[in-house]
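Chemist: Please find one structure pasted underneath; my questions will follow.
The values are calculated or read from the model by the stated rules, or taken from the named source; none is laboratory data. Since we're looking at a predicted model, the values are computed, not measured. All Cβ positions, glycine included, derive from the backbone under ideal geometry; neighbour counts span all protein chains shown. Accessible surface is based on the protein model in full, side chains and every heavy atom, while ligands, DNA and RNA are left aside. Shrake-Rupley method; radii C 1.70, N 1.55, O 1.52, S 1.80 Å.
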Amino acid sequence: MKNISLSLILAVVAFNMQSVAQDADDDIKTVFGKDTEIKGFASFDTKLTDFNEEKALFLGGHGGVILNKHIILGIGGYGMTTRNDFNGIIPGRKLDLYSGYGGLVFGYIIAPKEVIHITLPLLLGAGGIEVVDHHVANTIDDRGATVERSVYFVAEPSLQIEVNVTRFFRFAIGGGYRFVQGTDLKNNQVEDKDLTSWTANISFKLGKF
């Protein structure tokens, strides 16, 4: 009789512990789960910035998914469209600078249901820079001959004020700061600090928000 009673007690305790564990699991909130809302979007972006002590315009975009209306996960990329010239290693001889960068985009949207709200995107990735001498002919294109190249790490946090124009279109304007690290141009005086600068940006976003 004692053995039967003990078995019943242990069974009840085990059942209660299992129920508590299930309830605890139900209370845990995760990014990905059965109730996660996933929406896709794409954005065309314009960035105005200082690059090697000159004004530069970068065009590109980013896209990905928005989780539960708040969390942004995606990728992005940008290329410099303006000509950037500087004094090279030969006195009085101008060289051209070309660059582009891209990577993963993370972000958070504050109060996305409000007509005007705030978005906090962060780009983490890599870029490339190329020094070109346009005085020397190039058989591939008419830009000139490449003097040297380098890659670099880039981190660009931003803050944007975003407007819900329609359910499928958003407009955003804001600013950020581009951190560049790892530039290695041995023959030209272009360093990380010359590529690190504030940015002003405008975004046109399409998607199911």
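Chemist: Exactly which trypsin sites (Lys or Arg not before Pro) in segment 145-209 are in a DSSP loop and have at most 12 other Cβ atoms within 10 Å?
Modeler: Sites meeting the loop and neighbour criteria: R167, K186, K208.
Chemist: I need the semi-axes of the equivalent ellipsoid of segment 72-126: take the C-alpha gyration tensor, multiply each eigenvalue by 5, square-root it, list largest first in whole angstrom.
Modeler: Result for segment 72-126: semi-axes of 38, 13, 8 Å.
Chemist: How big is the Kirkwood radius of segment 71-206, worked out from every pair of different alpha carbons and given in Å to one decimal?
Modeler: When all Cα pairs of segment 71-206 are included, the Kirkwood radius is 16.8 Å.
Chemist: Here's a follow-up. So for segment 61-162, taking the charge dipole from beta-carbon charges (+1 Lys/Arg, -1 Asp/Glu), which of I110, V147, G92 sits furthest toward the positive end?
Modeler: I110
Chemist: Could you do me a favour and compute the accessible area per residue for segment 58-192, 1.4 Å probe, result in Å²?
Modeler: 52 Å²
Chemist: Also: Using amide H atoms built 1.01 Å from N in the peptide plane, name the residues 5+ places from I118, or on other chains, whose amide H lies under 5 Å from its own.
Modeler: Sorted by chain and number, the residues that satisfy this are I110, E162.
Chemist: Continuing with the same structure: For D184, what residues show an amide H to amide H distance below 5 Å, using hydrogens built from the backbone and excluding near sequence neighbours?
Modeler: Amide H neighbours of D184, under 5 Å, 5+ apart: V151.
Chemist: Now a separate question. Out of segment 35-117, which GluC sites (Glu not before Pro) are coil in DSSP terms and have no more than 16 other C-beta atoms within 10 Å?
Modeler: E37, E53, E114
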